[in-house]
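Okay, so here's the structure we're looking at.
The values are calculated or read from the model by the stated rules, or taken from the named source; none is laboratory data. Predicted, not measured: the structure shown is a model, and the values here were computed from it. Glycine gets a Cβ as well: all are built from the backbone with ideal geometry, and neighbour counts include every protein chain shown.
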Amino acid sequence: MTDHDTNAALVRCDAVARTYGSGRTAVVALHGATCEIWPGEHIALMGASGSGKSTLMHLLAGLEEPTAGTITWPALGDRTSLRPGPIALVLQGPSLLAPLDVVENVALPLVLDGIDEVRAQERARGALARLELTELHDKLPEELSGGQMQRVAIARALVQQPRLLLADEPTGQLDHHTAAHVIDVLLEAASESDAALVVSTHDPAVAERLNQLWPVADGRLTVNARSSACSA
Amino acid sequence: MLGLTWLRGMMRRSGRLGATALGVAIAVALLASIGTFLAGSQATMTKRAVQAVAVDWQVGVQPGGDANTVLDAVRARTVSALPVGFAQTSGLQATTGGSTQTTGPGFVLGLPDGYRNAFPTTIRDLAGTGNGVLVAQQTAANLHIAPGDTITIGRTGLAAVRVRVNGVVDLPQADSLFQKIGAPAGAQPQSPPDNVLLVPARAWHAMFDPLFAVRPDLVSTQIHARLSHALAHDPSSAFTQVSGAARNLEVSLAGGGLVGDNLAAALDAARSDALYAQVLFLFLGLPGAVLAGLLTTAVAASGANRRRHEQALLRTRGATARTLVRIAVLEATVVGGVGALAGLVAATMVGRAAFGSASFGATTENALEFSVGAALIGLTIAALAITLPAWRDARSITVVGARHVVGRTPAPRWLRVGLDLLLLAVSGLVFWLTSRSGYKLVLAPEGTPSISVNYWALAGPALLWAGAGLLAWRVAYMLLGTPAGIARLLARPFSGRLAGTVGATMRRQRRLLASALALVALITAFAASTSVFNSTYKAQADVDARLTNGGDVTVTEAPGVTVGPAAARDIASVPGVHAVEPLQHRFAYVGADLQDLYGVRTATIVDATKLQNTYFQGGTARELMRKLGAQPNGILLSAETVKDFQLNSGDQVRLRLRDVRSTRLIEVPFRYVGVAKEFPTAPRDSFLVANADYVAQRTSSDAVGAFLVDTSGSSPRAVADRLRSRFGTSAAIADITSARKTVGTSLTAVDLAGLTRVELGFALVLAAAATGLVLALGFAERRRMFAIALALGAKPRQLGGFVWSDAAFVTAGGLLAGALVGLSLALMLVKVLTGVFDPPPAVLSVPWAYLTTVAAVAIAAVVIAGTTTIRRARTAPVAVLREL
């Protein structure tokens, strides 16, 4: 047993807040948010642009530190061991590395985690096949459409088989049909490994597919009827 | 309106714009400071050429001409003019110490009152009062006389006259003083007369007016004149001015006089040197400016992707191609203007620091010309770096295409057609053709006022530089592009298990990396070739000065003073003297020629006066001295003597030397063992080198002509001053520091130290900028990539793998390629610019300390750029992800 509890919450936020800047120019992106995320949960963070969804996602991923409150990952370990590994993050917007082809991009988190390059690429090909992207293997990011790039980024998140999968607006650039397929894949992948899935979106149709809805507005995370784990 | 909005936006990206302006500033500062310095140098060359002339014009009164008419005509055109009588004597005779010496024919000059004031550098006093009857040093040596002795002057067809000698003098410019006026250079006497006497005009007239009556062919009059020295700054214009005035005088004299134009002859040499200076400017300044231009382009190009994105956004909002180009022109104008202004300010500061404000530009107009020219070039660079790519993109790139950042673009067309190899081949061909013509860079046809530079010869090094730069690009590009995983191998030391991924990024960005490597290589080559050239140039200037002076300090015994080698102990006791080498000096007759004979100690002379291998033929200095030492009666002769007398190694040579005890000329046998082309303190034409012991034994005297003093680090000037205060006027003491300023061509006499400092300083700045700045900006452009990698979980060490692999490849590859190219360039430049070296260098002088500094600065800049990139990427990845 390591220093973290596998039967505990994946993430625990206690009055977490994030402020950018200082003094008169300070902008509070997230007011004290308190929540827990457990394995197997499928959560939709829903809100308008600029509501604080991405900030919360970055905090959950350990990419940023809160300016107030505490955030811990009881079942995953400390901040330094979250990525690559138990947490995978699909970033909003183009997030592929321009000089790497599709397979290399997808394999990158595994290689960063110390997995042999050949094996990493094999697994990357598998993840791409799952998203029906086999024909894109040797393409460079600049040769892909916006939607294709987003799907490759999702494949890169799935290939890590994370315990917490965070997807920031993963369907923002996709048509309805493809978006539905992507959500299917994300849900399926999360279910297979009993991972938690958190998807930020402003699309009610996407939010509807997930079993919890956490609305975010003006930096405040509000408790939804379907959610019992979080409160603002 | 859009332009102003764009400008406001630009201010928010002041870092990249500042870096672009810095590139422009470097080019402008380099061109302005070097240009104005060399313009100043040309003025210095004119000034020095003028100062070096003792008598500007020697107007020979022609048979049938009236001396007074000629004098009046010359006075009307000059600052001062005085008549000087020239009479040929049948010989001179003196009886001293019970023996009588007789010389062959010679000259007796009649000097009017005030001559020495009007032409102070014509005569240098060695002994005596300096007034009355003066005898030339060699004549005094031939006759064994000193001030106070009496000599007899032979007059053809008349009775000889006797005069009492008041002093012994040196005639530093005897060659021009005794020139054959009106004769072309090839028909001039090979050497000045051995026997010369100077007497006051009144006495001269008393002696030679009667001779003129019977033998007018043996007596003549010259008008010596000094011109106004308010001449054009440029030696070429000054030459045209002076030679034109001389021709005008000759025409007005209608055959009554011919002008020996010493001033024009000196300016003629200086104008060749001025053209060499122009060439130096081309090869020192232009590559630097080109590099600064390339650097500016590289800096601007590192933001090209962002610009393309922005252009694409503007296009989607209806901006036309013309609007985009206008915006780019505005950006280029702002960047170019700021850069040019900063460059000119820097040039002024550099000028003050390196050259002193007085020599920063010959005139205000001159400095202004160079400043405006440099600023215009700066603006052009900005236009080429910013506007041209923007114009190209605006015409050809679609909104979708603007997303492309790495692409699968094919190899550039120049690489496919082999332009680099072609340039190298042409460079080799030009060099070969230049070497066939003996590396004649400055063409000055004799007798014509026109003079030109063979700029074609410079094409050799220029094409080598460009071709090698492109070749470095090709090699880097091909190395990274090979499927065999060379990129992975290169990346492995810095990225470990991530090598495959890092190698892949390097492979896909090989155009960018190859460009950065080629830029570093070109700058390193520039720094290396310039510093090696400068260092070799400086070393040769030292060699030249040492060749003239002999040692760091040279103590030459006054005429009539006889000192043996034991006196070296007295000299050695003076503080600052490290070693003393006695050098015998005698005169010896080789057939009918009187030549200088030097008696040396072969075991010590090589190190004592740092004998160069280039002074000798058929072996190194050490080998020739060893050969001479092994043969007690061995002798080294000039190539000319060997040729004239058809000698073969081992042949016996019989010379006539004066035996000190009997004061008679005696025949001394020597054995010819080798050829000496130059020798310290020796004249350039003919001289002999033999073993000191043998000469001493055969002439019954070990008298030393000069002591060569090695100061070994102590200031030669300070040691010379101490020696002067110790020995007073009993010896002439010269130091190498002073000699350096007076010997050689006016070009070598120009102190290039300031220029070198500027040049090498700029090379350092360029090296730092090319490595640090270009990599930093390249990394900055990839900060989103690093932020994504961090978001995916890359550790700082892994991020370092990406950064250090690129940095190491560009820096190590660039420095290595640059060192190789720089060395080749230096070799070629020294050959092509062989005219500026006298004597030519045997080996290149490599300034290791400077080159190490260049490498250290480049590496330090890379380390700073890399660590800053990693630190910044670590501290704010989310901010970057949000920003972009």
**OP:** Give the residues of the range B:637-659 that are among the polar types (S, T, N, Q) and surrounded by fewer than 14 Cβ atoms within 10 Å (Cβ to Cβ), sorted by residue number.
**Re:** B:GLN646, B:ASN648, B:SER649, B:GLN652
**OP:** Could you figure out which of (1) within 14 Å of another protein chain (Cβ to nearest Cβ); (2) assigned to a loop (DSSP other than H, G, I, E, B); (3) touching a residue at least 60 places away in the same chain (Cβ under 8 Å) isn't true of A:ASP194?
**Re:** (1)
Original post:
When you scan the range B:497-582 for helices (runs of 4 or more DSSP H) that lie fully inside it, which ones turn up with 1 or more residues that are away from every other protein chain (no Cβ under 14 Å) and either over 36 Å from the mean Cα position of the chain (by Cα) or free of Cβ contacts under 8 Å to residues at least 40 places away in the same chain (or both)?
Top reply: B:568-572
Subject >> Residue list for the range A:66-96, filter: among the hydroxyl-bearing types (Ser, Thr, Tyr), within 18 Å of the chain's Cα centre (by Cα) and more than 11 Å from chain B (Cβ to nearest Cβ) >> reply: A:THR72
**OP:** Among what's in the range B:159-173 and is in a loop (DSSP other than H, G, I, E, B) and touching a residue at least 40 places away in the same chain (Cβ under 8 Å), pick the residue that is farthest from the chain's Cα centre (by Cα).
**Re:** B:LEU171
Original post:
When the range A:97-137 is examined, which residues are found to be surrounded by 16 or more Cβ atoms within 10 Å (Cβ to Cβ), closer than 20 Å to B:LYS795 by Cα and more than 22 Å from the chain's Cα centre (by Cα)?
Top reply: A:PRO99, A:GLU117
Subject >> Complete set of residues in the range B:769-784 that are surrounded by fewer than 23 Cβ atoms within 10 Å (Cβ to Cβ) and either within 14 Å of chain A (Cβ to nearest Cβ) or out of contact with any helix residue (DSSP H, G or I) (no Cβ under 8 Å at 6 or more places or on another chain) (or both) >> reply: B:GLU781, B:ARG783, B:ARG784
**OP:** Assess whether B:LEU512 counts as being closer than 24 Å to A:ASN105 by Cβ, of a type in the set (A, V, I, L, M) and out of contact with any Pro (no Cβ under 9 Å at 6 or more places or on another chain).
**Re:** yes
**OP:** Mind listing whichever residues of the range A:197-212 are assigned to a strand (DSSP E or B) and more than 18 Å from A:GLY50 (Cα to Cα)?
**Re:** A:LEU197, A:GLN212
Original post:
Within the range B:637-656, can you find the residues that are modelled with pLDDT under 85 and among the acidic types (Asp, Glu)?
Top reply: B:GLU640, B:ASP644
Subject >> Sole residue being modelled with pLDDT under 85 and either surrounded by fewer than 22 Cβ atoms within 10 Å (Cβ to Cβ) or under 13 Å from the mean Cα position of the chain (by Cα) (or both), chosen from B:ASP751, B:ASP721 >> reply: B:ASP751
Original post:
Any residue in the range B:111-120 that is over 21 Å from B:PHE212 (Cβ atoms) and crowded, with 20+ Cβ neighbours inside 10 Å?
Top reply: yes
Original post:
Condition test on B:ALA794, is it within 14 Å of chain A (Cβ to nearest Cβ), more than 18 Å from B:LEU775 (Cα to Cα) and surrounded by 24 or more Cβ atoms within 10 Å (Cβ to Cβ)?
Top reply: yes
Original post:
Which numbered condition trips up B:GLU667, out of (1) in a strand (DSSP E or B); (2) charged (D, E, K, R); (3) within 33 Å of the chain's Cα centre (by Cα)?
Top reply: (3)
**OP:** Name the helices (runs of 4 or more DSSP H) wholly inside the range B:316-401 in which the number of residues that are among the hydrophobic types (A, V, I, L, M, F, W, C) and modelled with pLDDT of 90 or more is 1 or more.
**Re:** B:321-350, B:364-382
Subject >> Sole exception among (1) within 19 Å of B:THR121 (Cα to Cα); (2) buried (at least 22 other Cβ atoms within 10 Å of the Cβ) for B:ASP175, by number >> reply: (2)
Original post:
Within the range A:49-56, is there a residue that is within 17 Å of A:GLN160 (Cβ to Cβ) and more than 8 Å from chain B (Cβ to nearest Cβ)?
Top reply: no
**OP:** Among residues belonging to the range A:60-91 that are aliphatic (A, V, I, L, M) and assigned to a helix (DSSP H, G or I), point out the one that is nearest to A:PRO141 (Cα to Cα).
**Re:** A:ALA61
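Here's the yes/no breakdown for (1) closer than 30 Å to B:ASN142 by Cα; (2) among the hydroxyl-bearing types (Ser, Thr, Tyr); (3) touching a Ser or Thr at 6+ places or on another chain (Cβ under 6 Å):
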residue	(1), (2), (3)
B:ASP56	no, no, no
B:THR78	no, yes, no
B:ALA81	no, no, no
B:GLN93	yes, no, yes
Original post:
Name the residues in the range A:157-185 that are charged (D, E, K, R) and free of Cβ contacts under 8 Å to residues at least 60 places away in the same chain, would you?
Top reply: A:ASP175, A:ASP184
Subject >> Unique residue being surrounded by 14 or more Cβ atoms within 10 Å (Cβ to Cβ), within 24 Å of the chain's Cα centre (by Cα) and either modelled with pLDDT of 90 or more or on the phi > 0 side of the Ramachandran plot (or both) when the list is B:TRP414, B:TRP465 >> reply: B:TRP465
Subject >> Total residues in the range A:92-116, condition of a type outside the set (Ser, Thr, Tyr) and within 18 Å of A:LEU140 (Cα to Cα) >> reply: 16
Original post:
Restricting attention to the range A:142-149, does a residue exist that is within 16 Å of B:ALA504 (Cβ to Cβ) and either aromatic (Phe, Trp, Tyr) or more than 12 Å from chain B (Cβ to nearest Cβ) (or both)?
Top reply: no
Original post:
So, in the range B:589-617, of the ones that are more than 32 Å from the chain's Cα centre (by Cα) and not β-branched (Val, Ile, Thr), which residue ends up nearest to B:LEU636 (Cα to Cα)?
Top reply: B:GLY599
